[in-house]
Amino acid sequence: MTRITRAAAAAVLACSLALPTAGAATAASSVPGATAGSPAPAVSSVPSARAAVLPAPTGPYAIGSTVLPLVDRSRTDPWVPTADGRALMVTLHYPAARSGGGRIAPYATREEARLLAAQLGPGVSGDVLARTRTHSRTDARPAPGRRPLVLLSPGFGVSRWTLTHLAEDLASRGYVVASVDHAYESYGISLPGGRTLTCVACTALDEGGVHGSVVTSTRAADMRYVLDRLTGARPAWKYADVIDRSRIGMAGHSIGGASAATAMAADRRIDAGIDMDGAFWEELPAEGLRGRPFMMLGTHDEMHLPGGTDTTWDRTWSALDGWKRWITVAGSEHFTFSDGPVIARHFGLPQPELPTERAVAVTRTYVAAFFDRHLLGLPRPLLDAPSPENPEVHFQHP
């Protein structure tokens, strides 16, 4: 997917607040060497009727999947104060027993996919996007054992299912993964009963002058509630006893990544965090993250290199007080760390320099290595220095 104007974040170089269109100007901005006056790469005007298939997970486990609708009625939704509490949609991916299980889990609802497809341009069919093939089975019985929990938060304007290839891969490696949709912060979130929430927050940030810290602080509270409902005395998931409450991590894309730092600062239960190419909207407290590990994984360009235009990375790096890494990926763009490369390739949208297979492999490899090291205590020398197997990956030492 291409990168477009970062809407409310334009003045402060922050996260992507909207999905890209297939227009020439925006396409040029994401292609190496292109300028606004350059012709955009050809984009197919005929939607493919064939559904895409997400990359196969790399771990040894089969994968189960279930969707949990949650509502926190102890809070007022900041975007729609008249709403009945703060609505969250959570997809759980987890290691599953090989026998049994339901049908293949859907990628997205047709309405969610239609609303996203409308942002991507005329070459994208929402019906085809919704039929993207996943690798998990609905409500499959979990494999035996206690599992670390990883929370995932998507970028602003996009839904939790845009992180599915990563969620499935982590589950195949032995993690329970909770991908969270935050009410009114996506182009479309389908709720039970057929209602769809649209992105009220997009207008608030674009036109209302609302600061991005409202998003990150609200998402931190969302994650606290999700943890309460998954690990509390009366869990919302019938298989919640497979979750190891002593090993919890969080990762996110774009503003979801920034929210990982905010959530860690607010909730000591989160042991480790990753920001995938998101600007930080809030300063860390004086005590940092109290020694907990954090990794920044981003583009290898003027935005997220040390001294880059997104100065929040330099400030946050200095405030991190535990194990930390600043890793950039050559040839990547903002949506590299999501399902964006898979979607873009399937529908003939402009491609960044980094091939789709490498974008998927690098994201999965380094995210899994981080959680393996900090939630499972496994040695992962990949995180200590550059690797010839991953020449695109650069370690920064500001």
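Beta carbons closer than 7 Å, at least 6 apart along the sequence or on distinct chains, pair a first residue in segment 102-126 that is at positive phi with a second that is not acidic (Asp, Glu) for Gly121/Thr21; Gly121/Ala22; Gly121/Val43.
Yes/no matrix, rows are residues, columns are (1) of a type in the set (Lys, Arg); (2) more than 18 Å from Pro55 (Cα to Cα):
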| residue | (1), (2) |
| --- | --- |
| Arg325 | yes, yes |
| Gly331 | no, yes |
| Ile343 | no, no |
| Thr356 | no, no |
| Val360 | no, no |
| Ala369 | no, yes |
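Just name the residue that is surrounded by the fewest Cβ atoms within 10 Å (Cβ to Cβ) out of those in segment 85-108 that are at pLDDT 95 or above and over 19 Å from Leu166 (Cα atoms). Of everything passing the filter in segment 85-108, Gly85 is surrounded by the fewest Cβ atoms within 10 Å (Cβ to Cβ). Checked against the criterion of being touching a His at 6+ places or on another chain (Cβ under 8 Å) and farther than 24 Å from His346 by Cα, the candidates Leu88, Leu54, Leu149 yield just one match: Leu88. Among the criteria (1) under 15 Å from the mean Cα position of the chain (by Cα); (2) surrounded by fewer than 24 Cβ atoms within 10 Å (Cβ to Cβ), the one Leu197 does not fulfil is (1). Out of Met303, Met264, one residue alone is outside any strand (DSSP E or B), more than 14 Å from the chain's Cα centre (by Cα) and surrounded by fewer than 21 Cβ atoms within 10 Å (Cβ to Cβ). It is Met303.
When we screen Ala201, Ala233 for residues that are at pLDDT below 95 and over 17 Å from Ser65 (Cα atoms), the only hit is Ala233. Taking Val90, is it assigned to a strand (DSSP E or B) and over 28 Å from Gly340 (Cα atoms)? No: the conditions fail for Val90. Does Ala236 satisfy being among the small types (Gly, Ala, Ser) and assigned to a helix (DSSP H, G or I)? Taking the combined requirement at face value, the residue does not satisfy it. Of all the listed residues (Leu149, Leu116), the sole one being more than 24 Å from Asp84 (Cα to Cα) and assigned to a helix (DSSP H, G or I) is Leu116. Looking at Ala183, is it surrounded by fewer than 24 Cβ atoms within 10 Å (Cβ to Cβ) and among the hydrophobic types (A, V, I, L, M, F, W, C)? No, not satisfied. For beta carbons closer than 8 Å, sequence separation of 6+ or different chains, a first residue in segment 178-194 that is farther than 19 Å from Val214 by Cβ and a second that is of a type in the set (Asp, Glu), the qualifying pairs are Gly188/Glu111; Gly188/Glu112; Ser190/Glu111; Ser190/Glu112. Residues of segment 88-122 that are closer than 20 Å to Val177 by Cα and in contact with a Leu (Cβ under 9 Å, 6 or more places away or on another chain): Leu88, Met89, Val90, Thr91, Leu92, His93, Tyr107, Ala108.
Of everything in segment 239-253, what is farther than 15 Å from Val367 by Cα and either under 16 Å from the mean Cα position of the chain (by Cα) or in a loop (DSSP other than H, G, I, E, B) (or both)? Give them in sequence order. Full working, then the answer.
Here is the first cut: in segment 239-253, the residues farther than 15 Å from Val367 by Cα are 239-247.
Within segment 239-253, Tyr239 is the sole residue that qualifies.
The conditions of being in contact with a strand residue (DSSP E or B) (Cβ under 7 Å, 6 or more places away or on another chain), touching a residue at least 24 places away in the same chain (Cβ under 8 Å) and part of a strand (DSSP E or B) are not met by Gly256. Residues that are at negative phi, part of a loop (DSSP other than H, G, I, E, B) and at pLDDT 95 or above within segment 321-375 comprise Asp321, Gly322, Trp323, Ala330, Ser332, Glu333, Ser338, Asp339, Glu353, Leu354, Pro355, listed in sequence order.
The values are calculated or read from the model by the stated rules, or taken from the named source; none is laboratory data. What you see is a predicted model, and the numbers here were worked out from it, not measured in a lab. A quick note on method: Cβ atoms are made from the backbone with ideal geometry, for glycine too, and the neighbour counts reach across all protein chains shown.
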